[in-house]
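Report on one structure; see the data block that follows.
The values are calculated or read from the model by the stated rules, or taken from the named source; none is laboratory data. What you see is a predicted model; the values in this text were computed from it and never measured. All Cβ positions, glycine included, derive from the backbone under ideal geometry; neighbour counts span all protein chains shown. The protein model used for the area step is the full one, side chains on, heavy atoms only, and it has no ligands, DNA or RNA in it. Shrake-Rupley method; radii C 1.70, N 1.55, O 1.52, S 1.80 Å.
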Amino acid sequence: MTSRDLPLVVSSGVCVGCGACAVTAPEHLEMRLTERGEYLPFARDGRELDQLDEQVLADTSKVCPFSNSSRDEDAIGADLYAGDGASHHEVVGHSRKIVAGHVAGGDFRDRGTSGGMTSWVLHRLLSSGEIDAVVHVASTLEGLPNPLSRYTISRSVEELLSGRKSRYHVQTLADVMEDVRQQPGRYAVVGVPCFIKAVRLLTDADEVLRERITFTSSLVCGHYKSTLYSEYVGWSAGIQPTNLLDIDYRHKEPGRPPNRYCVRATPREGEDVVLGVEHIPMADWGMGIFKLGACDYCDDIVGETADISLGDAWLDPFMADWQGANLAIARSELAARMLEEGEADGELDVIPWTAEDVAAAQAGAVRHRRPGLAVRLGNRARQGIWAPTKRVEPLAESELDSPFSQRMLNREAISIASPATYLEARRRGDLDYFRRTMKPLVQRYDGTRVTTFWRRAAAKIAHRLPPKGEAFLRRIVGRQRQN
C-alpha cells in the first residue's frame, strides 16, 4: 500500500517546515511562510495535499522526518556510525568522542552563542579543504515581515563567520538544497536534529545530494519557534513589529550565568535594546510559547544522525563562567579526529564528558521528549488524533491524569494557543491582550509544577546572586529534586 503520510503530518500539526518534501518534488510542492509564522508545504497547482498523485505522496513521505514511512534515528545512526570505537546511549545515540569546554583561540567564543565550537568546527573543515561550502542559517537583516534569518551557503571563511550566532525561528531547506543540487562541491550542513534527519533521508533518495553533502553538524535543540516569537520578543523590548530588524537571541552579558542569557533586539531606527529573558513575560523556554507542534512529537534531543552534535555544557564546572561552554558529541571518525587535533594543538580547552553528562545537561529536554512525549502520544491516542510513530511508547490512558501528565498537556496547550492569541493582539495593537489572554493557561501550567515553596524561593534568590553563588544554589536545588 502506498504511504500517504505527508498530508497527515501537515493536517495534524506536526510538520516542522524543513522542506524535504518540496526538495523531492519541486514541480509539485513549494514552501510558504504562513500567517502563524510557520513554513508549510503547498501544492503548486492549488490542490489539497491529499489529492496529489500517489507516487508524489510516497516519495515525499519517505523523506519527511515525522512520517511513519521514513527511517528513524536508530536505523540511520546504526548505518552511519555503528562500528569499532563507537558506543551507543539512548539519549546521545552513537558516539566516538564526547568533550565539554570552549575554543581557546581567536574570537570564536566571544562572538559565538556559547563556547564557539560550532563556528570552530565549520571553520576548520572549510579552511582545511575538507569541504567547499557550508549550508547554515544567517541573519537576513531585512527586518519583519520578512524572516529575520534563513538558510544560506557560505563558500569562504569570511562569509561563514559573518553568520555566527543562534537563530531561534523557523527555517526551510527547500531553496538552498536546490542550490546544492545545481552547484558541485562538498557541503557541510548545519541544523537542528529533525533537519539533519531530513538531510539524511534526502541523501538516501537523491544521489546528487548524497555525493555532495559530506558532513553534518547538529545543534542540541530544546524546540523550534515560529517567527511570531521573534516579533513578540522585539515588541516586549519596546520595538514595534514593523520596526524590528534583527535579534541576537543569546546575547552574552558579563556576570550572568550562561543559562540565563539576554536578548538584544535591533530596530530599523533607534538604539538596540538588551533585556534579560527573566524580564520578558512567558519567555521561559520550557513554557513553550510559539513552539512548533512538531517539536512536541520529536524524540531526538541532540541530533543523533549528525557527524557531530554541539550544545550547551550547562553543568559544573561551567555554570559559573558567563562566556559559555559547549558539549561536543563526535560520531564520525572525521569529527572525532578534529576534536582530538584541536585539543592536542591547544585550540580547544576541553575536558572529557560521558553520555550521562550530556543527558544530565539536557535533563529538561530529556523529560519533555521522552516521558513527556509518551504523555502526548497517549493523549492523541485517547482523542483519536493521528500521531507519528516514535521510539517512545504512548502512555496508557489510565496514567494521563497524573500531575506530570497534566503538566505536559498544559504545556502543549500553551504552544497551541499562543499563535492565534498573538495574531489577535497584533490586530488590536495591544501586546497586553496576548499576556492577559494567555495568563489562565500559564497559571494552569504553573499549578501542575511539582515543586515546593522553598524551591520557588531559591529560584528567585538565584537570579540575584553572582554567577558562582547562583551555580552553587542551583546545584543544591538540583540535588533536592533527585531526592
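To keep it simple, each residue is scored yes or no on (1) surrounded by 24 or more Cβ atoms within 10 Å (Cβ to Cβ); (2) within 24 Å of Val121 (Cα to Cα); (3) of a type in the set (Val, Ile, Thr).
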site	(1), (2), (3)
Ala174	no, no, no
Glu178	no, no, no
Gln182	no, no, no
Gly185	no, yes, no
Cys194	yes, yes, no
Lys197	yes, yes, no
Asp204	no, no, no
Glu211	no, yes, no
Phe215	no, yes, no
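Within the range 155-165, the set of residues being exposed (fewer than 15 other Cβ atoms within 10 Å of the Cβ) and either at pLDDT 95 or above or in a loop (DSSP other than H, G, I, E, B) (or both) comprises Ser156, Ser162.
Quick grid of which residues meet (1) aromatic (Phe, Trp, Tyr); (2) closer than 24 Å to His368 by Cβ; (3) out of contact with any Pro (no Cβ under 9 Å at 6 or more places or on another chain):
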{"site": "Tyr168", "(1), (2), (3)": "yes, yes, yes"}
{"site": "Val180", "(1), (2), (3)": "no, no, yes"}
{"site": "Leu202", "(1), (2), (3)": "no, no, yes"}
{"site": "Glu207", "(1), (2), (3)": "no, no, yes"}
{"site": "Lys225", "(1), (2), (3)": "no, yes, yes"}
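Looking only at the range 96-118, residues that are more than 17 Å from the chain's Cα centre (by Cα), at negative phi and open to solvent by 10 Å² or more (accessible area, probe 1.4 Å) come to 11 in all.
Remark: Trp322 falls outside the filter, which requires a residue to be buried (at least 19 other Cβ atoms within 10 Å of the Cβ) and hydrophobic (A, V, I, L, M, F, W, C). Every residue in the range 1-39 that is charged (D, E, K, R), closer than 22 Å to Gly143 by Cα and either over 23 Å from the mean Cα position of the chain (by Cα) or open to solvent by less than 40 Å² (accessible area, probe 1.4 Å) (or both), please. Selection gives Glu38 alone.
Meeting the requirement of 3 or more residues that are in contact with a helix residue (DSSP H, G or I) (Cβ under 9 Å, 6 or more places away or on another chain) and farther than 25 Å from Cys21 by Cβ, the strands (runs of 3 or more DSSP E) wholly within the range 65-116 are 87-89, 97-103. Just one of (1) of a type in the set (Ser, Thr, Tyr); (2) open to solvent by less than 60 Å² (accessible area, probe 1.4 Å); (3) closer than 14 Å to Tyr297 by Cβ fails for Thr389. It is (2). Restricting the range 334-373 to residues that are charged (D, E, K, R) and part of a helix (DSSP H, G or I) leaves a set whose member that is least open to solvent (accessible area, probe 1.4 Å) is Arg369. For the range 65-84, taking the residues that are open to solvent by 60 Å² or more (accessible area, probe 1.4 Å) and without any contact (Cβ under 8 Å) to a residue 12 or more places away in the chain, the one that is nearest to the chain's Cα centre (by Cα) is identified as Asp79. In the set Glu231, Glu211, only one residue is of a type in the set (D, E, K, R) and modelled with pLDDT of 95 or more; that residue is Glu211. Residues in the range 321-370 that are closer than 18 Å to Ser217 by Cβ and of a type in the set (Ser, Thr, Tyr): Ser332 alone.
Exactly one residue among Ala420, Ala458 is modelled with pLDDT under 95 and over 24 Å from Asp300 (Cα atoms), and that residue is Ala458.
Pairs are defined by a Cβ separation below 7 Å, a sequence spacing of at least 6 or placement on different chains, a first member in the range 379-408 that is polar (S, T, N, Q), and a second member that is open to solvent by less than 60 Å² (accessible area, probe 1.4 Å) and assigned to a helix (DSSP H, G or I); the pairs so defined are Asn379/Leu409; Ser405/Val375. The number of residues in the range 23-51 that are in contact (Cβ under 8 Å) with a residue 40 or more places away in the chain and farther than 20 Å from Pro388 by Cα comes to 10. In the range 136-153, the qualifying residues are those that are free of Cβ contacts under 8 Å to residues at least 60 places away in the same chain and under 22 Å from Val220 (Cα atoms), and the one that is most open to solvent (accessible area, probe 1.4 Å) is Arg150. Can you find a residue in the range 219-241 that is touching a Phe, Trp or Tyr at 6+ places or on another chain (Cβ under 9 Å), closer than 25 Å to Ser69 by Cα and among the polar types (S, T, N, Q)? The answer is no; no qualifying residue exists. Note on the range 181-204: among residues that are among the β-branched types (Val, Ile, Thr) and in a helix (DSSP H, G or I), the one that is nearest to Ser119 (Cα to Cα) is Ile196. Of the residues making up the range 40-60, those that are hydrophobic (A, V, I, L, M, F, W, C), in a helix (DSSP H, G or I) and buried (at least 18 other Cβ atoms within 10 Å of the Cβ) number 3. When restricted to residues that are closer than 24 Å to Val366 by Cβ, among the polar types (S, T, N, Q) and open to solvent by 40 Å² or more (accessible area, probe 1.4 Å), the range 399-437 contains 2.
I'd like to check something: does the range 131-141 contain any residue that is closer than 23 Å to Glu333 by Cβ, part of a loop (DSSP other than H, G, I, E, B) and either of a type in the set (A, V, I, L, M, F, W, C) or modelled with pLDDT of 95 or more (or both)? Yes, the range 131-141 contains a residue that is closer than 23 Å to Glu333 by Cβ, part of a loop (DSSP other than H, G, I, E, B) and either of a type in the set (A, V, I, L, M, F, W, C) or modelled with pLDDT of 95 or more (or both). Tallying residues that are among the aromatic types (Phe, Trp, Tyr) and surrounded by fewer than 17 Cβ atoms within 10 Å (Cβ to Cβ) within the range 251-301 yields 1. Inspection of the range 63-72 identifies no residue that is in contact with a strand residue (DSSP E or B) (Cβ under 8 Å, 6 or more places away or on another chain) and of a type in the set (S, T, N, Q).
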